[in-house]
C-alpha cells in the first residue's frame, strides 16, 4: 500500500480507511501514521463498535464517516450484539466532542426500519448535536441474506426525507 501511495503523492489528497470494521485491526493506528507521514489527509469509515479505539484514533483523523444503524435502543435487533447501541452512542459522543469533521449516516431498509424509527433516530441525533447527516437506501448488491434482498416497498418518500432534513444543517439523501 505504501509503495502505491508514494506513487500517488501530489495526485491524491486523502486516504480513507474502511472495509468491514477497520477499528478491529491492531495495526490501524500505525498505518494511519505512516500514510499521514506521506502527506495525505486521513478519513475513517466506522460503526464505532469499539469506542476506546475511536477515542485513540480521533487525534489522527481529518474526517469520519460514522454509521449509525438505528435508534440506540433498537441497535441489538439490527446488529445482534448486546450493548451495541450504547457503544455506538459513546462513539458518536466522542466524535462530536473531538471537533473532527464527520458525516453520520444510516442505511435504511424497510424490513429493519420504519418511518417512525427514522424520525426518532433523527431526533436522537439532533439532540446529541449532529449537524451533518445522510440517509442512504439499502442496495441488495452483494447481499447474501435472501430475506433482505427480497423486494420491499420504498421506505423513503419526499415527506419523510423533508421531515428528517429539517433537523440538520447538512442533510444528504442517497437513493439506491
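The values are calculated or read from the model by the stated rules, or taken from the named source; none is laboratory data. Bear in mind that the values here come from a model prediction, so they are computed numbers and not experimental data. Positions of Cβ are backbone-derived with ideal geometry, glycine not excepted, and every protein chain shown enters the neighbour counts.
Things worth noting here:
- Here residue 39 meets each of (1) surrounded by fewer than 19 Cβ atoms within 10 Å (Cβ to Cβ); (2) at pLDDT 95 or above with one exception, condition (2).
- Strands (runs of 3 or more DSSP E) completely within the stretch 1-113 that count 3 or more residues being in contact with a strand residue (DSSP E or B) (Cβ under 7 Å, 6 or more places away or on another chain) and more than 30 Å from residue 150 (Cβ to Cβ): 14-17, 41-46
- Hey, residue 130 assigned to a loop (DSSP other than H, G, I, E, B), in contact with a helix residue (DSSP H, G or I) (Cβ under 8 Å, 6 or more places away or on another chain) and surrounded by 15 or more Cβ atoms within 10 Å (Cβ to Cβ) or not: yes
- Options 104, 108, 100; residue that is free of Cβ contacts under 8 Å to residues at least 40 places away in the same chain, under 30 Å from residue 41 (Cβ atoms) and touching a helix residue (DSSP H, G or I) at 6+ places or on another chain (Cβ under 7 Å): 104
- Taking the criterion of being in contact (Cβ under 8 Å) with a residue 40 or more places away in the chain, surrounded by 10 or more Cβ atoms within 10 Å (Cβ to Cβ), assigned to a loop (DSSP other than H, G, I, E, B) and out of contact with any helix residue (DSSP H, G or I) (no Cβ under 7 Å at 6 or more places or on another chain), the residues of the stretch 144-175 that qualify are 152, 154, 156.
- Selection status of residue 109, over 14 Å from the mean Cα position of the chain (by Cα), at pLDDT below 95 and crowded, with 18+ Cβ neighbours inside 10 Å: no
- Selection status of residue 47, within 14 Å of the chain's Cα centre (by Cα) and at pLDDT 95 or above: yes
- Filter result for residue 56 (more than 21 Å from residue 131 (Cβ to Cβ) and without any contact (Cβ under 8 Å) to a residue 24 or more places away in the chain): no
Let's see how each residue does on (1) farther than 16 Å from residue 106 by Cα; (2) touching a helix residue (DSSP H, G or I) at 6+ places or on another chain (Cβ under 6 Å):
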residue: 33; (1), (2): yes, no
residue: 50; (1), (2): yes, yes
residue: 53; (1), (2): yes, yes
residue: 58; (1), (2): yes, yes
residue: 77; (1), (2): no, no
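- Hits in the stretch 86-101 - residues which are surrounded by 15 or more Cβ atoms within 10 Å (Cβ to Cβ) and over 23 Å from residue 139 (Cα atoms): 87, 89, 90, 91, 92, 93, 94, 95, 96, 98, 100
- Which numbered condition residue 137 misses (of (1) in contact with a strand residue (DSSP E or B) (Cβ under 8 Å, 6 or more places away or on another chain); (2) buried (at least 18 other Cβ atoms within 10 Å of the Cβ)): (2)
- Screening 49, 82, 71 for residues that are touching a residue at least 40 places away in the same chain (Cβ under 8 Å) and more than 18 Å from residue 127 (Cβ to Cβ) leaves exactly one candidate, 49.
- Here residue 68 meets the list (1) modelled with pLDDT under 95; (2) within 20 Å of the chain's Cα centre (by Cα) almost entirely, failing just condition (1).
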